[in-house]
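Reviewing the structure listed below.
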Amino acid sequence: MDLYLDSVDFKEIEAAVDFGFVKGLTTTPTFMHRHGITDIDGAIVRLSGMVPELQVEALGDTPDAIVAEAERILALPLELEPVFKLPISNAGVKACKRLTDRGLRVNVHLIYTLNQAYMAVESGAAFVCPLAGRLQDQGHDAIRLYEQCVETIERHGYDTKVMFSSVRHPEHVRQALLSGVHVCTVPYNVMIRLCDNSLTAVGAAQFEEHTQLMTTRVEDLIRPDNPICKSSETLTTAMVKMTESRLGVVTLVDEHGAVAGVFTDGDLRRKLQSDGREILDRTLAQIGYSKNPVTLGRESVLDEAVKLFKEFEVDSIVVVDDDRPCGVLDIQDLVKLGLLGQEHL
């Protein structure tokens, strides 16, 4: 089944053609009116250079008028010869026969019955085009009509293709495939939803998550701030560094610059509650701090970090390079990436 776009929106058309396999474009005067197009001929000329096949309307009250309109369009500086769309009518099928006898291709549309489709096929139409959405709006079995058209064409050996149109949603495309039609023309907002599926989205998210866990290194995620204190510095100094970094933790280092411990905003709240404001001028050595911080090498992958966060139930991990702190990995950064649950925020 060939896929066509049903539109006159130039941006949509460019995006659809970018798929690389859209076979053609169907247009209507109604679409052009809705999009505010006043130079219809100019639009047709432009569209003829954008798509592999262009289908445009040739309207008239009589066969002569319809053929004359087709000839007028053919005289435009087109990039390719269009397929002419004609509404089904006695005048329409007569004009279709004249045009097809000249080697031109015609799509007879606005079809609602098998009898109409038969007249279009007999007149040499390259396409017959029932309208699914409009038929279903009126309570008719549109899918059965498509099946009957396909069966009739195959049984009698006609060359006409059945086009599924008036597509409202992706389910229509599935129905088109099952009914055996040769072409389906769809609006862009339906076309871009044909790959959508909630289970696919969940699976893709899991693949992305696991790829990040296995390939992203801790050093790629740590923040640029690396608040460090010595145990001889005061609690006030530590508070300032925690506030400036927005990390809620400072790493303590010994005289050689190696990790000696951590002091967190949680430690701060507990100390103030138990000992009062007088501790603000005391040193971290006097107040006390955790001497066994959770650490992780900068070359480690995020999977290792997630395991540590879950095992030790901490909010921060000190990232080290040969025992020297080079940054802090905050649990919120992993939550935002979807690698840990929102309950950690």
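The values are calculated or read from the model by the stated rules, or taken from the named source; none is laboratory data. As the structure is a computational prediction, the values presented were derived from the model and not from experiment. Every residue, glycine as well, gets a Cβ built from its backbone with ideal geometry; the counts of neighbours run over all protein chains shown. Ligands, DNA and RNA are excluded from the accessible area calculation, which covers all protein heavy atoms including side chains. Shrake-Rupley method; radii C 1.70, N 1.55, O 1.52, S 1.80 Å.
A few notes on this one:
- Considering segment 223-261, the residues that are among the hydroxyl-bearing types (Ser, Thr, Tyr) and over 44 Å from the mean Cα position of the chain (by Cα) include one that is most open to solvent (accessible area, probe 1.4 Å), namely SER232.
- Meets criteria (open to solvent by less than 30 Å² (accessible area, probe 1.4 Å), more than 29 Å from the chain's Cα centre (by Cα) and of a type outside the set (Val, Ile, Thr)) for LEU131: no
- Residue check, LEU145 farther than 18 Å from LEU110 by Cα, of a type in the set (A, V, I, L, M, F, W, C) and either open to solvent by 10 Å² or more (accessible area, probe 1.4 Å) or over 33 Å from the mean Cα position of the chain (by Cα) (or both): no
- Residues (modelled with pLDDT under 85, open to solvent by 50 Å² or more (accessible area, probe 1.4 Å) and either touching a Leu at 6+ places or on another chain (Cβ under 7 Å) or within 21 Å of LEU247 (Cα to Cα) (or both)) located in segment 206-222: GLU209
- Residues that are out of contact with any His (no Cβ under 6 Å at 6 or more places or on another chain), aromatic (Phe, Trp, Tyr), open to solvent by 80 Å² or more (accessible area, probe 1.4 Å) and within 26 Å of PHE84 (Cβ to Cβ) are absent from segment 183-205 altogether.
- Among (1) touching a His at 6+ places or on another chain (Cβ under 9 Å); (2) open to solvent by 30 Å² or more (accessible area, probe 1.4 Å), the one test that THR264 misses: (1)
- When residues of segment 182-197 are limited to those that are part of a loop (DSSP other than H, G, I, E, B) and closer than 26 Å to GLN148 by Cα, the one nearest to the chain's Cα centre (by Cα): LEU194
- Every condition in (1) farther than 21 Å from ASP141 by Cβ; (2) of a type in the set (Lys, Arg); (3) in a helix (DSSP H, G or I) is met by ARG174 except one, and the failing one is (1).
- Residue list for segment 120-141, restricted to those being more than 24 Å from GLU53 (Cβ to Cβ) and part of a helix (DSSP H, G or I): LEU135, GLN136, ASP137
- Segment 214-272, residues that are in contact (Cβ under 8 Å) with a residue 40 or more places away in the chain, out of contact with any Lys or Arg (no Cβ under 6 Å at 6 or more places or on another chain) and on the phi > 0 side of the Ramachandran plot: GLY248
- Looking across segment 231-263, the residues that are in a strand (DSSP E or B) and either farther than 22 Å from LYS291 by Cα or in contact with a helix residue (DSSP H, G or I) (Cβ under 8 Å, 6 or more places away or on another chain) (or both) come down to THR234, VAL249, VAL250, LEU252, PHE263.
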